[in-house]
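Scroll down for the structure; my scribbles are underneath it.
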Amino acid sequence: MGHRTLLLNGTLTSDGRTWQADLLIENGRIERIDADLSSQQADDIVDLAGMRLLPGLIDDQVHFREPGWEHKANIASESAAAVAGGITSYMEMPNTMPPTDNLDALHDKYARAAGRSRANYAFHFGATNDNADVIARLTHRDCAGVKVFMGASTGTLLVDDDDALEAIFSVAQRVVLTHCEDNQTIQANRAELERTGKTLAPADHPRIRTREACLKSSSKAVELARRLGTHLHVLHLTTLDEMALFAAGPIADKHITAEVCVHHLWFCDDDYARLGNRLVCNPAVKTEADRSALHTALIEDVIDVIATDHAPHTAEEKDGDYASAPAGLPLVQHSLLLLLELQGAGVLSLEQLVHKACHAAAERFGVVDRGYLREGCWADLVAVDPNGATDGGAGLLSQCGWSPFAGHTFGHRIRGTWVNGVRVWDGERLLPEKPAGMRLEFNPLNR
Ligand code: DOR
C-alpha cells in the first residue's frame, strides 16, 4: 500500500452534481470516492465537515514571465499564488523574453518548471509570421496549444501577415488560441484620441481597444477556423457583439470554443475611476451590458472555459502614466474566490462553475486524468470553507505584491489545496514540501 490520505465528510461537486462523500487518495490519485470510507486505513486524515471539495482549477491562460521578466514574476512565485487560489494546473503563455516561438525555448520552459512549479504545468507555443513549419510538427507531447497574437499586447509576438495566419490555422495539430484585437483599428483609435490633444487616461483604454477592434479580429479568426477546420479557442472575450460568433452546446460538439476571464466577469468600465491603470488589460474591460452578456453566454454554454489571463506587472510599472503602463493584472490567487462570489450572487451554479473552471480546459485540451473528482484521476483538489473570509489585499503570493481586490473581502476561504495528492496549501501557508507540480499530459485532438 502506498501513501494514503483520507478526506472525510466533504461536500463534493463534479460532473454536474453535488453530494456528500469521503475521498481516499493513494499514491497521488483518487483511489475511492464513497459515502463512508471512515474505516479505511490512512497515513493522514482530514475532516472536511462543512467544506466544499472541488477539483482543482485548470487555468488555460497565465503569464508567469519567465524567462526574461523575472522582475515581474517567476514560475515558483506565481505557481505558489495559483495553488493558494485553488488552481492546480496551468498552461502558460509564450510572450516571455525571448518568446517561446521555437523548440529550444519551449524545452527551456519545461526544464525551468520541473521541480519548481507548485502546480501542474504545460506551455503554449508562440506563433510568428515565420514559424508555421515548426507549428505543423508540434504534437500533444510538445505543448498545450499554439498561441496566436492577432493583436499586439505585452511582448513582441504578433501574427499580422494573412498568409501566415492561413498557414498556422491549416497546419496546427494542437488547439490554436487567439488573442483577438485588430491592430489597425487600435492604432487609428489611438491616433484620433491623441489628435484631440487630451492626455490619455485609463478610462480611454476601451475607447482605443474598442469593441469594434475585438469583433473584427475574432470574426476573422472564426471565419478562418470554419473554412480550414481548425481547432480554435478564442481567448478572453469581452463584448456582447462577439457572442453571436459562437454556438451554444457542449465542447465535444465544437471545434471552435470560447474563453472568458474572471476580471471581465467581475469588473466593468465603472471601475476605471477607482482602479486606474491597475485595471488596464488587453482586451479592455468594457461596459456593464457586456459583462452581463458574458454571464449569460457562460450559462448558455456559448462560452466554454473560464480562465484568468493572470498577468503580473510591478506596482511601479502600473502606477505610471496611462501611456506607459503595461496591460494586465494578477488574478490566480483570487479567481476561485471571485467565481464563488458570482455563484453566491446567482450568476452561475456551483456545478457550472466547476464545469467551466475545472472540467472544461481538461476537455478542450485533452488533459489526461485531471479536472474531475473521479476515481483514477490525479488527486488535484481544493477545499473551500463557505463560512470563511479572505481579505483580497492580504497574504499576496504573486511576486508583484498587489491585487485588484485590495479593499474587498471575499466570503469564502480556501482551506486546502492538493496537487498530485500532496497538500500544498493549508489555508494559511504553503506547505514546505518540495513543489509537487507535474508536467501535464495530453491526448491528441481529433482533427
Ligand atoms: O492584459 C494583458 N496582459 N493581456 C494580454 O494579452 C497579455 C498580458 C500580459 O502578458 O501582460
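Each reported figure results from applying straightforward, stated rules to the coordinates on display, with no laboratory input. Since the model is a prediction, treat every value here as computed from it, not as a measurement. Backbone-built Cβ (ideal geometry, glycine too); neighbour counts: all protein chains shown.
Just how many % of Cα pairs in the chain lie over 40 Å apart, if you round to the nearest whole percent? Don't jump to the answer; show the numbers that get you there.
Working: 12982 of 99681 pairs.
Percent of Cα pairs beyond 40 Å in the chain: 13.
Can you give the relative contact order of the chain as a percent, counting alpha carbon pairs under 8 Å and 6+ residues apart?
Numbers: 1109 pairs, mean separation 94.9, N = 447.
Value for the chain: 21 percent.
I'd like the projected area of segment 27-73, averaged over all directions, using the convex hull of its alpha carbons. Report it in nm² with one decimal.
Numbers: hull surface 25.7 nm².
In nm², the orientation-averaged hull projection of segment 27-73 is 6.4.
Given only helices, namely DSSP H runs of n ≥ 4 each adding -39500 (n - 2.57), what is the per-residue ellipticity at 222 nm of the chain, to the nearest 500 deg cm²/dmol?
Details: 14 runs with 118 residues, N = 447.
Calculated at 222 nm, the ellipticity per residue is -7000 deg cm²/dmol.
Can you give the FRET efficiency to the nearest 0.05 for Asn129 and Asp36, using r as the Cβ-Cβ distance and R₀ = 56 Å? Mind dumping the intermediate values first?
Numbers: r = 60 Å, r/R0 = 1.07.
Taking R0 as 56 Å, the efficiency between Asn129 and Asp36 is 0.40.
Report the GluC sites (Glu not before Pro) located in segment 63-116 that are in a DSSP loop and have at most 16 other Cβ atoms inside 10 Å of their Cβ, or state none. Please report the intermediate quantities before stating the final value.
Details: sites: Glu70, Glu78, Glu92; in loops: Glu70.
Loop-located and lightly packed - Glu70.
Under 17 Å from the Cα of Lys147, which lysines turn up, not counting those fewer than eight places away in the same chain?
Lys109, Lys220
How far apart, in nm, are two points set 7 Å out from the Cα along the Cα-to-Cβ line at Leu431 and at Ser324?
Label at Leu431, label at Ser324, 4.6 nm between them.
For a footprinting-style exposure proxy, rank Thr196, Thr156, Thr96 by other Cβ within 10 Å, fewest first. Before the final figure, lay out each step's value.
Numbers: Thr196 7, Thr156 13, Thr96 25.
Going from least to most buried by this count: Thr196, Thr156, Thr96.
Rank by packing, highest mean first: peptides 422-431, 145-154, with packing defined as the count of other Cβ atoms within 10 Å averaged across residues. Please report the intermediate quantities before stating the final value.
Working: 422-431: 17.0, 145-154: 24.5.
With the highest mean Cβ count within 10 Å placed first, the list reads 145-154, 422-431.
Need the C-alpha centroid separation for segment 401-447 versus segment 138-178, integer Å.
A separation of 28 Å, based on Cα centres.
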